[in-house]
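Everything on this sheet refers to the single structure shown next.
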Amino acid sequence: MRGLPGRIVFLLAAAGALATAGAAASADDGALARQWPTYRERFVGDDGRVRDTGNDGVSHTEGQGWAMLFAESFDDRATFDRIWGWTRDKLRRPDSALFAWRWNPNAGEPVADKNNATDGDMLIAWALTRAARYWHAPDYLRQARPILAEIRGKLVERRGGGLVLLPGSEGFRATDGSAIVNLSYYIYPALDAFTHADGSPQWARLRRSGLALLAKARFGVWGLPSDWVAVGDKGQVTPTANLPPRFGFDAIRIPLYLIWGGEATAPRLDPELRFWDSFADRPIPAWVDVTDGSAAPFAASSGFRAVIELVRAWRAHRPPVLPEIADKDDYYAASLILLAGLAARARWP
């Protein structure tokens, strides 16, 4: 499953392709749009499969969804349709509107694990709802609605008086009644869009619950959230057992989605800013252990730095100056750069 041991393998692999500072670009539309052809040519195949170059060239619904989002954002309908067509044909589960999370071109059975990844499903549905509106093509919305209905029906559960978003349909419910949750899966701008596309009040309730969980998920001396948390039956939140308790490759997306979704506040972003500001005279590490303060022995990638600059720009009430995609950037770093640019475009239109 993408979210547990397999995801850890991906994180370790992705860490090897770290970038030093590259060229910088302001967050204006022109500078941002010029990076899309670079991303498309490097990571998107002619068939629409998005290659994770930091993870042996596999594909997953996260990447397919992000690339669909990018194609819509930069008015590239032909590429959008290719990515969506491959995703629908290769990853759609036969018994569901959801998608198998991973495609491995190096395996005899490319889709060995049929479990879904909820963030990937959400990204795909969000891209479809945006495409329906931007290109005045209601068929995209028709295809998004069954995905949204299954996410609501199968992946949202109640814990401790609030709602939790399960990262997948299997493997995230513990025998003690707790749920394993990834707070970076709460894609706040998507949840807002789903309220309008789907009409269910559950999206707004899930949004509020996600913010409440984030307020509880503040650990260690810095008060940072870990990539994975356990939510108990009474609503208590702790770092997930048996996984590294790190603020790292997943949690870096939390402040990104907060800003993009209009949910950024000082209490929600100050802990991360204090942590990053403490490295004024040395490189910011790629992760930190939220329980003991130990840090990665390697620096954060240019994608991480794009998110950090986005948050610092939010604090300074100015548009950010973001790194551009460089030759050494892998799929994940390049994706974070474009995501930070789109968040900036939403925040400073």
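The values are calculated or read from the model by the stated rules, or taken from the named source; none is laboratory data. Predicted model, so just to flag it, every value in this text is computed and none were measured. Cβ atoms come from the backbone with ideal geometry, glycine included; neighbour counts cover every protein chain shown.
At a glance:
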quantity: Residues of the range 198-228 satisfying the condition of being farther than 20 Å from residue 295 by Cβ and aliphatic (A, V, I, L, M); calculated: 204, 206, 211, 212, 213, 214, 215
quantity: Selection count, the range 124-157, where residues are closer than 23 Å to residue 85 by Cα and under 20 Å from the mean Cα position of the chain (by Cα); calculated: 13
quantity: Filtered residue count, the range 36-66, keeping only those that are free of Cβ contacts under 8 Å to residues at least 40 places away in the same chain and either outside any loop (DSSP other than H, G, I, E, B) or in contact with a Phe, Trp or Tyr (Cβ under 7 Å, 6 or more places away or on another chain) (or both); calculated: 6
quantity: Positions within the range 290-308 being surrounded by fewer than 24 Cβ atoms within 10 Å (Cβ to Cβ) and of a type in the set (D, E, K, R), in sequence order; calculated: 292
quantity: Condition check for residue 280: aliphatic (A, V, I, L, M), over 16 Å from the mean Cα position of the chain (by Cα) and either over 22 Å from residue 187 (Cα atoms) or modelled with pLDDT under 95 (or both); calculated: yes
quantity: All positions within the range 267-295 that are in a loop (DSSP other than H, G, I, E, B) and either more than 17 Å from residue 228 (Cα to Cα) or of a type in the set (Ser, Thr, Tyr) (or both); calculated: 278, 279, 280, 281, 282, 283, 284, 291, 294
quantity: Any pair with Cβ under 7 angstrom, 6 or more apart, that starts in the range 313-325 at a residue that is under 30 Å from residue 53 (Cα atoms) and ends at one that is acidic (Asp, Glu); calculated: 320/309; 321/309; 322/309
quantity: Matching option when the condition is among the aliphatic types (A, V, I, L, M) and either under 19 Å from residue 71 (Cα atoms) or in contact with a Cys (Cβ under 7 Å, 6 or more places away or on another chain) (or both), among 117, 112, 131, 215; calculated: 131
quantity: Single unsatisfied condition, residue 346 versus (1) buried (at least 24 other Cβ atoms within 10 Å of the Cβ); (2) in contact with a Pro (Cβ under 9 Å, 6 or more places away or on another chain); (3) closer than 28 Å to residue 41 by Cα; (4) not hydroxyl-bearing (Ser, Thr, Tyr); calculated: (1)
quantity: Qualifying residue in the range 180-189 (condition: over 22 Å from residue 342 (Cβ atoms) and either at pLDDT 95 or above or exposed (fewer than 15 other Cβ atoms within 10 Å of the Cβ) (or both)); calculated: yes
quantity: Hits in the range 136-169 (condition: in a loop (DSSP other than H, G, I, E, B) and modelled with pLDDT under 95); calculated: 160, 161
quantity: Selection status of residue 297, touching an Asp or Glu at 6+ places or on another chain (Cβ under 6 Å) and not aromatic (Phe, Trp, Tyr); calculated: no
quantity: Qualifying residue in the range 200-220 (condition: touching a Phe, Trp or Tyr at 6+ places or on another chain (Cβ under 8 Å), over 17 Å from residue 165 (Cβ atoms), touching a residue at least 60 places away in the same chain (Cβ under 8 Å) and surrounded by fewer than 23 Cβ atoms within 10 Å (Cβ to Cβ)); calculated: no
quantity: Yes/no for residue 286 being free of Cβ contacts under 8 Å to residues at least 40 places away in the same chain and aliphatic (A, V, I, L, M); calculated: no
quantity: Within the range 158-193, considering residues that are of a type in the set (Phe, Trp, Tyr) and under 23 Å from residue 244 (Cβ atoms), the one farthest from the chain's Cα centre (by Cα); calculated: 172
quantity: Which numbered condition residue 31 fails, given (1) surrounded by fewer than 23 Cβ atoms within 10 Å (Cβ to Cβ); (2) at pLDDT 95 or above; (3) part of a helix (DSSP H, G or I); (4) of a type outside the set (Val, Ile, Thr); calculated: (2)
quantity: Test: residue in the range 257-269 that is surrounded by fewer than 18 Cβ atoms within 10 Å (Cβ to Cβ), out of contact with any Gly (no Cβ under 8 Å at 6 or more places or on another chain) and modelled with pLDDT under 95; calculated: no
quantity: Any chance residue 315 is in a helix (DSSP H, G or I) and either buried (at least 22 other Cβ atoms within 10 Å of the Cβ) or more than 16 Å from the chain's Cα centre (by Cα) (or both); calculated: yes
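Results for (1) free of Cβ contacts under 8 Å to residues at least 60 places away in the same chain; (2) at positive phi, shown as yes or no for each residue.
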position	(1), (2)
231	no, no
239	yes, no
245	yes, no
254	no, no
262	no, yes
267	yes, no
270	yes, no
277	yes, no
